[in-house]
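Enquirer: Shown below is the structure under consideration.
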Amino acid sequence: MRMLNLVLVGYMGTGKSTVGKKLARRLGMKFVDSDREVERVTGYTVNEIFKKFKEIRFRSEEKAALRRLTRNSGQIISTGGGAVLDPENVETLKNNGFVVCLTAEPEIIYQRLRRKKNRPLLQTENPLATIKEMLADRAPFYARADATVDTSEMDLEAVIAEVTRLYQEHKTQKRG
């Protein structure tokens with residue numbers, strides 16, 4: 001029987017990569033990041049793709065990367081923050097995966113990301129306003145996840161415990 005993927009979606013700065021890597025070690029699963037897969041295949045960083053080819057090219061590469069990654073099972077997949085904007089991506093991810101959306105309050109996301117210069121969508125006059133606007137726009141897309149965990153006030157161990165619980169519960173229900 002194929003082991004279901006555990007897919008982490010959500011806005012940047014909610015903890016997808018950090019949580020995903022630690023979860024993979026804890027659960028003995030492989031960790032894969034769709035942004036790193038795009039970079040591996042194209043030879044460009046996500047930032048370079050946005051600058052040279054624009055967001056539409058990145059989204060196309062992201063879609064192809066998600067299709068490749070979801071062919072395998074029993075892995076933790078961390079997606080880019082906008083991966084869920086394409087309904088086909090959500091379908092691809094749910095086809096062989098349990099999708100958990102990590103969320104956080106806009107102010108907390110801003111605190112986590114404010115020093116990072118490799119976030120092309122936040123290179124604006126008012127990054128906090130941008131975060132709030134993007135979260136509002138993306139809310140219906142993030143709502144399509146199988147479960148949601150708010151990482152705002154939780155430490156890493158608590159987030160990992162909650163995501164693990166949800167995943168195990170889902171696997172049990174699938175079998176039962």
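The values are calculated or read from the model by the stated rules, or taken from the named source; none is laboratory data. Note that the structure is a prediction, hence the values are computed from the model and not measured. Heads up, the Cβs are rebuilt from the backbone with ideal geometry, glycines too, and the neighbour counts pull from every protein chain shown.
Enquirer: Pull out all pairs, ordered by first then second residue, where Cβ-Cβ is under 7 Å, the residues are six or more apart or on different chains, the first lies in segment 2-25 and is under 23 Å from A143 (Cβ atoms), and the second is surrounded by fewer than 24 Cβ atoms within 10 Å (Cβ to Cβ) and among the acidic types (D, E).
Expert: Short answer, once both residue conditions are applied: S17/D33.
Enquirer: Do you know which residues across segment 34-55 are more than 20 Å from V149 (Cβ to Cβ), of a type in the set (S, T, N, Q) and either in contact with a His (Cβ under 7 Å, 6 or more places away or on another chain) or in a helix (DSSP H, G or I) (or both)?
Expert: If the condition is that a residue be more than 20 Å from V149 (Cβ to Cβ), of a type in the set (S, T, N, Q) and either in contact with a His (Cβ under 7 Å, 6 or more places away or on another chain) or in a helix (DSSP H, G or I) (or both), then T42, N47 are the ones that fit.
Enquirer: Looking for something touching a Lys or Arg at 6+ places or on another chain (Cβ under 8 Å), among the small types (G, A, S) and surrounded by fewer than 19 Cβ atoms within 10 Å (Cβ to Cβ) - is there at least one such residue anywhere in segment 21-28?
Expert: So far as segment 21-28 goes, yes, one or more of its residues are touching a Lys or Arg at 6+ places or on another chain (Cβ under 8 Å), among the small types (G, A, S) and surrounded by fewer than 19 Cβ atoms within 10 Å (Cβ to Cβ).
Enquirer: Any idea how many residues of segment 119-148 are more than 15 Å from G81 (Cα to Cα), in contact with a strand residue (DSSP E or B) (Cβ under 7 Å, 6 or more places away or on another chain) and of a type outside the set (D, E, K, R)?
Expert: Counting residues in segment 119-148 that are more than 15 Å from G81 (Cα to Cα), in contact with a strand residue (DSSP E or B) (Cβ under 7 Å, 6 or more places away or on another chain) and of a type outside the set (D, E, K, R) gives 1.
Enquirer: For L135, state whether it is surrounded by 15 or more Cβ atoms within 10 Å (Cβ to Cβ) and within 20 Å of V38 (Cβ to Cβ).
Expert: It is false that L135 is surrounded by 15 or more Cβ atoms within 10 Å (Cβ to Cβ) and within 20 Å of V38 (Cβ to Cβ).
Enquirer: Separate question: Quick check on my filter: what residues within segment 39-68 are β-branched (V, I, T), free of Cβ contacts under 8 Å to residues at least 40 places away in the same chain and either surrounded by 19 or more Cβ atoms within 10 Å (Cβ to Cβ) or more than 23 Å from T92 (Cα to Cα) (or both)?
Expert: Of everything in segment 39-68, just one residue is β-branched (V, I, T), free of Cβ contacts under 8 Å to residues at least 40 places away in the same chain and either surrounded by 19 or more Cβ atoms within 10 Å (Cβ to Cβ) or more than 23 Å from T92 (Cα to Cα) (or both), namely I49.
Enquirer: Quick check on segment 1-20: of everything there that is surrounded by fewer than 15 Cβ atoms within 10 Å (Cβ to Cβ) and of a type in the set (A, V, I, L, M, F, W, C), which residue is modelled with the lowest pLDDT?
Expert: Result: M1.
Enquirer: Right, here's the next one. Of (1) within 16 Å of V19 (Cβ to Cβ); (2) surrounded by fewer than 16 Cβ atoms within 10 Å (Cβ to Cβ), V159 satisfies all except one. Which?
Expert: It is condition (2) that V159 fails.
Enquirer: Give segment 91-142 a look and list any residue that's of a type in the set (S, T, Y) and not in a strand (DSSP E or B), or say none.
Expert: T92, Y110, T124, T130, Y142
Enquirer: Out of F58, F31, I need the residue that is among the aromatic types (F, W, Y) and part of a helix (DSSP H, G or I). Which one?
Expert: It is F58.
Enquirer: In segment 145-159, how many residues are under 18 Å from P106 (Cβ atoms) and among the small types (G, A, S)?
Expert: Residues that pass the stated criteria total 1.
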